[in-house]
1. Could you count how many residues in segment A:514-530 are open to solvent by 20 Å² or more (accessible area, probe 1.4 Å) and not basic (K, R)?
2. Any residue at all in segment A:131-152 that is open to solvent by 20 Å² or more (accessible area, probe 1.4 Å), on the phi > 0 side of the Ramachandran plot and more than 11 Å from chain B (Cβ to nearest Cβ)?
3. Quickly run through segment A:372-385 and pick out the residues that are open to solvent by 10 Å² or more (accessible area, probe 1.4 Å) and facing chain B (nearest Cβ under 8 Å).
4. If A:I543 passes every condition in (1) open to solvent by less than 40 Å² (accessible area, probe 1.4 Å); (2) under 30 Å from A:S447 (Cβ atoms); (3) over 17 Å from the mean Cα position of the chain (by Cα) but one, which one does it miss?
5. Does any residue of segment A:83-96 turn out to be more than 13 Å from every other protein chain (Cβ to nearest Cβ) and under 16 Å from the mean Cα position of the chain (by Cα)?
6. Checking B:I66 against (1) open to solvent by 10 Å² or more (accessible area, probe 1.4 Å); (2) facing another protein chain (nearest Cβ under 8 Å): exactly one of these is not met. Which one?
7. Checking A:L79 against (1) part of a helix (DSSP H, G or I); (2) more than 16 Å from B:I66 (Cα to Cα): exactly one of these is not met. Which one?
8. Restricting the search to segment A:18-45, which residues are modelled with pLDDT of 75 or more and either under 21 Å from A:F461 (Cα atoms) or crowded, with 22+ Cβ neighbours inside 10 Å (or both)?
Amino acid sequence: MIYDPSVLPVIIFGIIVVAVLGISFYLGKRTSGAKGYFAAGGTIPWAVNGIAFAGDYLSAASFLGICGMIAFYGYDGFLYSIGYLAGWVVALFVIAEPLKRRGKFTFTDALDSQFNSKGIQLMAAISTLVVSIFYLIPQMVGAGVLVTPLLGVPHWIGVLGVGIIVIIIVATAGMKSTTYVQFIKGALLIFFSLIVVIMVLNKGFSKAPTEDFHEPISLSAVMSGGEVTDVYEAGYSVVGSLETAGHDFIKLSSDGIETWWLLDEGELKECLSKTTAEDGTILYNGADKEERKFFSVGSMVRIFADGQEVQEIRKLNVFSFLAVINDSVLLQFKNTTFTDGTDKVHIWYQQETPGSLMMRPGLKFKVDEDLGATGKTKFDFVSLMIALFFGTAALPHVLIRYYTVPSPKDARKSTILAICAIGFFYILTLYMGLGAAVNGVLDVESSNMAAPLLAKSIGLFLFAVISAVAFATVLGTVSGLIVAASGAVAHDLANFMGKEVSDERRVVLGKMSAVVVGVIAILLGILFKGMNVSFLVGWAFSIAASANFPAILMLLFWKKTTAKGIASSILMGMVSALTIILLSPSMFVRYGMDAAQAPFGIDNPGMISIPLSFITLIVVSLITQKDNATKMEHKD
Amino acid sequence: MDHGPAIQSGPDKASSYKSKLGVRMFIVYGIVYLGFILINTLKPKLMAVEVLFGLNLAVVYGFSLIFLAIILGLIYNYLCTKKEDELNKEEEPEK
């Protein structure tokens, strides 16, 4: 899809990015020593830390990924909101304070506080790196997504831009500046999302949601012997047909432009198509991209309010908005691919979806047998929900925030504030996602763009502010992640190698590794273009829940836990989760292979890798009980 | 390199109380969350049943999980702070 940059968004965007860099440089000058760099000297007020938690968490995954997934799959996207938030309960009730009492800079310190074990130091540092990089990919993809409609530049320039700005921020500042930047942006993102939701509720529903909305056309087909031979519309002629995925697609020609149509009970329904010719030429709906034949989608075909069918309905409240969607019928576009001669065709065809299906799980995660669920798809669903629940408390960049406040009490209070802010935002995501689904703003090529494009349909100013804030939030999240990852390298690995490294040297090491991690993130962000960012974040959660969570939990609650038990459970959780992810159907599609060939057939490893990690910890700990003779008892 | 906390805090007498309370609240929330997963997996059609203000069970249960997290969090903080203040007061005269 083509996006035109406008002057206002570019100016607002520029102001916010410059402000972020300004804060970073200003606070960076006041940061000294390793503790200042990695943990902001433990001086951040709890309220600031709480909103910064939210700012960290409500990044590309939430604003872009969840809203996009809700727009395309309805309630299934909201499952991520529920899982992400529920994870905070684990963090608050079980992990926050005990961990704060044990650590200094990183969660490796906390895990290792009783053991001084080389194995733990190495494994925890590697797992921090792996989880951080997996979490970085969707942030970078999200950055690319944001700049495309905002500045009209390609995806890769967005990724590269974010990478460079963040490397500068992290290399010059540290945890204190990223905390304050996250605080400001977390607050702004929640505020402006609320404005979008109020506008969406006020606007309500209409069959023609925007002035330039393109209502998909239907033509009557002339049938002969079960074949389409012509259409009842002057200027169109049938030039081809194809049956795939249980549907008949007809190719029509008009004014020399070839377009694809779905045959449905004697009607030909307009499709969106992207045709790649053998020589690499790409046509959108039969024409060059610049001719803008590729339209936005997402609308209602039948609107029911209080049992009556209406053309439009305005000024809804938080309940009636959801109730009307539940009773109405939406027009969605499903996609499939096929080859037509030497051309590769990616087609999006119309499908009417009852609102009641949008409002319950099942369009993405198959849980209902009537909608194609199998034992494996249900297992995949449970696996995801478990990983989201246990993943939050095991994310290194979330854990590191516990070390930026003065006391365990402050850690607790900031977590509760974060839960309130994040919970409120996640409720907003349902309204933003569904709003995008029915306001004719969706770009079928990228689910990630739903929320920014919804804001754009409301007003250019709102779009500019919200995109710039979201972009800046990505900057902050990426900075926080890179600090966590570079902390792992500089601090934990230096400890592992047993070298006496001065504080200054540690910071230099941290900054050097920040640059390396940043470059890796840029490359992966470009490679993973087009994947839903929330789906990608789900993987980071799975790895964190598998590698780190069993170790943290057992250390806190099982006295027989040994150093070797912890190290081997981190290794087992990380390796098993990574193996299943790298051999998953979604990754097979990424490799350009057939998803059906994926050996495990599931995308989410949690239900296998988390128990494996627990079992490993218990078995190894029981075998190595004699090691605990030298264990230091933790005093609260 | 020392491995003490970021800022040294005195021994916390309330820690075992907080820890037990936290685990209990976690179990309560865990059961409600598990119920959500089980209904979705075993009886998915139940999620479409309308329960409140024209909203189906999926939406009501989902929102409830979010609000329950907030409410339990606030209760937990209130009880922990109360206990901390109580035990700190007792401790002061000994110093």
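1. Here the count works out to 10.
2. Scanning segment A:131-152 turns up at least one residue that is open to solvent by 20 Å² or more (accessible area, probe 1.4 Å), on the phi > 0 side of the Ramachandran plot and more than 11 Å from chain B (Cβ to nearest Cβ).
3. Scanning segment A:372-385 gives A:A373, A:K378, A:V382.
4. Just one mismatch for A:I543, condition (3).
5. no
6. Exception for B:I66: condition (1).
7. (2)
8. Of everything in segment A:18-45, those that are modelled with pLDDT of 75 or more and either under 21 Å from A:F461 (Cα atoms) or crowded, with 22+ Cβ neighbours inside 10 Å (or both) turn out to be A:V18, A:A19.
The values are calculated or read from the model by the stated rules, or taken from the named source; none is laboratory data. These numbers come from a predicted model, not from an experiment. Don't worry about glycine lacking a Cβ; one is built from the backbone with ideal geometry, like all the others, and counts go over all protein chains shown. To get the accessible areas, we keep the full protein, side chains included, count just its heavy atoms, and leave off ligands, DNA and RNA. Shrake-Rupley method; radii C 1.70, N 1.55, O 1.52, S 1.80 Å.
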